[in-house]
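Novice: Take a look at the following structure, please.
The values are calculated or read from the model by the stated rules, or taken from the named source; none is laboratory data. Just so you know, these numbers come straight off a predicted model, no measurement behind them. Every residue, glycine among them, receives a Cβ derived from its backbone with ideal geometry; neighbour counts consider all protein chains shown.
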Amino acid sequence: MLLPTNEKQFEFWKLRRGGSSNITIANLLGISRQAVSRALLVMDEKIETTLHDMAQANQIEIDKINAERGVLIGRSIPFNAAAIIFISEKHGIQVWYEHDGNCGSCQRYTECIELLWDYATELGIKIEKTADPTKMAEELFAKVKAIV
């Protein structure tokens, strides 16, 4: 299932994930609190279904899932490694596996750093500045696990 990130419901979900209450979202958009609540229930179901589908497609055994935050914590069966699936406003659905990367020689070095910074910002999580994406990921995902 593709996640409908261009729908108004996704906008409501992003606002709530950013800390806005249903009444704040309703007032901001000039709609009823009940309309926001209904839209968020639908969006949470879509997010949870998407996370479950991604876990199944990637053979990840689910430990925890939090649709409000858009995060699934689990373990990759084929890789025997911790895994996290998350929804990023900017980067879409991402699957990350715990590993010791050789980041200095990786072609995706800059992309990984940008994704980690963006995701931390979306969740309002502060992480240490470092040139090592593996260390950034370890810190970020430890903090994400704590809030899930």
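Novice: Take region 97-148 and flag every residue that is touching a strand residue (DSSP E or B) at 6+ places or on another chain (Cβ under 9 Å), farther than 15 Å from residue 69 by Cα and of a type in the set (Ser, Thr, Tyr).
Specialist: Across region 97-148, the qualifying residue is only 97.
Novice: Considering only region 1-30, state which residues are under 16 Å from residue 47 (Cα atoms) and among the aliphatic types (A, V, I, L, M).
Specialist: If the condition is that a residue be under 16 Å from residue 47 (Cα atoms) and among the aliphatic types (A, V, I, L, M), then 1, 2, 3, 15 are the ones that fit.
Novice: Please specify each residue of region 69-101 satisfying the condition of being part of a loop (DSSP other than H, G, I, E, B), crowded, with 16+ Cβ neighbours inside 10 Å and in contact with an Asp or Glu (Cβ under 7 Å, 6 or more places away or on another chain).
Specialist: Matches in region 69-101: 89 only.
Novice: Next question, about the same structure. Across region 119-136, what is the total count of residues that are within 20 Å of residue 17 (Cβ to Cβ) and either surrounded by 15 or more Cβ atoms within 10 Å (Cβ to Cβ) or touching a residue at least 12 places away in the same chain (Cβ under 8 Å) (or both)?
Specialist: 7
Novice: Pull up region 1-25, narrow it to residues that are without any contact (Cβ under 8 Å) to a residue 40 or more places away in the chain and β-branched (Val, Ile, Thr), then point me to the one that is nearest to residue 56 (Cα to Cα).
Specialist: 25
Novice: Scan region 22-32 and tell me whether some residue there is of a type in the set (Gly, Ala, Ser), surrounded by 14 or more Cβ atoms within 10 Å (Cβ to Cβ), at pLDDT 95 or above and within 22 Å of residue 10 (Cα to Cα).
Specialist: Scanning region 22-32 turns up at least one residue that is of a type in the set (Gly, Ala, Ser), surrounded by 14 or more Cβ atoms within 10 Å (Cβ to Cβ), at pLDDT 95 or above and within 22 Å of residue 10 (Cα to Cα).
Novice: Still on this model: Would you please list the contacts, defined by Cβ atoms under 6 Å and residues six or more apart or on different chains, that run from a residue in region 91-110 that is touching a residue at least 12 places away in the same chain (Cβ under 8 Å) to a residue that is polar (S, T, N, Q) and in a loop (DSSP other than H, G, I, E, B)?
Specialist: 95/58
Novice: I need every pair where a residue in region 52-74 that is closer than 15 Å to residue 145 by Cβ has its Cβ under 7 Å from the Cβ of a residue that is part of a loop (DSSP other than H, G, I, E, B), sequence separation at least 6 or different chains.
Specialist: Matching pairs, first to second residue: 64/148; 66/148; 69/148; 71/148; 73/148.
Novice: A further question on this structure: From the set of residues in region 33-50 that are basic (Lys, Arg) and surrounded by 14 or more Cβ atoms within 10 Å (Cβ to Cβ), which is farthest from the chain's Cα centre (by Cα)?
Specialist: 33
Novice: Does region 75-107 hold any residues that are within 17 Å of residue 147 (Cβ to Cβ) and of a type in the set (Ser, Thr, Tyr), and which are they?
Specialist: Result: 88, single match.
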